[in-house]
Amino acid sequence: MLALILTLLMLPHTAEIEAWRQRRVASLTSDTGWLTVAGLFWLKDGPNRFGSDPGNEIVLPASAPAHAGVFAFHNGKVSLTMDGRTHELAADEQVKLGPLTMFVIERGGRHAIRLRDRNSSYRRDFTGLHYFPIRESYRVTAKWVAEPRKILITNVLGMTEPMDSPGYALFQIDGHEYKLYPVLEEPDAKELFYIFRDQTSARETYGAGRFLYSEMPKDGHVVLDFNQAYNPPCAFTPYATCPLPPKENRLAVRIEAGELKYGDH
């Protein structure tokens with residue numbers, strides 16, 4: 001009877017995690033998910049021609065015209081010439097060519113064209129996600145310590161930038177105490193973003209580490225549900241520019257919860 005009661009008590013949490021997993025797969029496999037990211041082309045000053053012809057600076061899949069247009073880059077601004085017309089690209093403007101979408105990103109003062117392809121092989125050959133068993137013990141209520149500071153975050157390209165961290169979460173696993181420092185992705189962020197590495201990294205889980213979000217602190221505490229720890233985009237496409245865990249978030253403990261390494265099953 002006790003086992004049945006405990007099982008029933010855990011059902012809401014299990015259902016919550018299962019629903020989160022379904023949303024995770026839906027996002028990853030959508031037309032704008034990371035599995036469609038099929039190219040990253042750093043812009044050189046001047047004209048950057050794009051199309052499927054190998055002579056272009058930006059070589060697109062065969063579905064594109066041989067010579068589709070030109071991105072001109074100068075003084076941090078990008079203009080597009082296509083179909084005989086030229087205009088400066090807005091910050092969030094997307095250039096569409098059938099199943100292909102291109103847009104500008106900026107990393108560490110450098111500008112690039114990111115390519116999405118709805119027919120990407122990464123999307124077509126997706127093998128699904130796998131996880132540690134759901135364990136409510138890995139849903140921990142951590143003490144929140146407000147300590148605003150800048151944390152240096154380096155990405156996979158070797159670019160480093162300071163990010164705002166409003167404090168740290170102090171929590172226990174198996175009687176030992178650990179800290180995690182989240183960052184704010186935007187000044188007005190409504191949730192905390194944790195980039196961490198633990199002793200399962202490069203073994204059962206992705207080598208560079210994993211991501212986790214939490215709600216903002218409330219009454220001096222923050223809830224960390226490691227069942228929702230997940231792989232960064234770089235686990236699925238080589239054209240992402242993922243941030244790496246800062247030294248503060250390299251944990252000397254096995255977090256046996258959340259998403260496992262992709263492609264090992």
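Looking at (1) surrounded by fewer than 17 Cβ atoms within 10 Å (Cβ to Cβ); (2) assigned to a helix (DSSP H, G or I), which is the one condition that is false for Asn227?
(1)
Residue-by-condition table, conditions (1) surrounded by fewer than 17 Cβ atoms within 10 Å (Cβ to Cβ); (2) in the same structural domain as Tyr131 (by TED's automatic domain parsing):
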| position | (1), (2) |
| --- | --- |
| Glu18 | yes, yes |
| Arg23 | yes, yes |
| Phe41 | no, no |
| Asp45 | yes, no |
| Gly51 | no, no |
| Ser63 | yes, no |
| His67 | yes, no |
| Val70 | no, no |
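For Glu248, only one of the following conditions fails: (1) surrounded by 15 or more Cβ atoms within 10 Å (Cβ to Cβ); (2) out of contact with any strand residue (DSSP E or B) (no Cβ under 8 Å at 6 or more places or on another chain); (3) within 23 Å of Lys150 (Cα to Cα). What is its number?
Checking Glu248 against (1) surrounded by 15 or more Cβ atoms within 10 Å (Cβ to Cβ); (2) out of contact with any strand residue (DSSP E or B) (no Cβ under 8 Å at 6 or more places or on another chain); (3) within 23 Å of Lys150 (Cα to Cα), the one that fails is (2).
Within the range 88-114, track down each residue that is at pLDDT 95 or above, part of a strand (DSSP E or B), charged (D, E, K, R) and over 17 Å from the mean Cα position of the chain (by Cα).
Matches in the range 88-114: Glu88, Lys96.
Does Leu6 meet the test of being of a type outside the set (Gly, Ala, Ser) and modelled with pLDDT under 95?
yes
For the condition among the small types (Gly, Ala, Ser) and assigned to a loop (DSSP other than H, G, I, E, B), what is the one hit in Ser79, Ser63, Ser27?
After applying the criteria, what remains is Ser63.
Restricting to the range 9-51, what's the tally of residues that are of a type in the set (Ser, Thr, Tyr) and either free of Cβ contacts under 8 Å to residues at least 40 places away in the same chain or at positive phi (or both)?
Number of matching residues: 2.
List the strands (runs of 3 or more DSSP E) that sit entirely inside the range 115-216 and contain at least 2 residues that are of a type in the set (S, T, N, Q).
139-154, 160-173
Residue-by-condition table, conditions (1) in contact (Cβ under 8 Å) with a residue 12 or more places away in the chain; (2) over 20 Å from Ile173 (Cβ atoms); (3) in contact with a helix residue (DSSP H, G or I) (Cβ under 9 Å, 6 or more places away or on another chain):
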| residue | (1), (2), (3) |
| --- | --- |
| Lys218 | no, yes, no |
| Leu224 | yes, no, yes |
| Gln228 | yes, no, yes |
| Thr241 | yes, yes, yes |
| Glu248 | yes, no, no |
| Arg254 | yes, no, no |
| Gly258 | yes, no, yes |
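The values are calculated or read from the model by the stated rules, or taken from the named source; none is laboratory data. Because the structure is a prediction, the values reported are computed rather than measured. Using ideal geometry, Cβ is built from the backbone for each residue, glycine included, and neighbour counts are taken over all protein chains shown.
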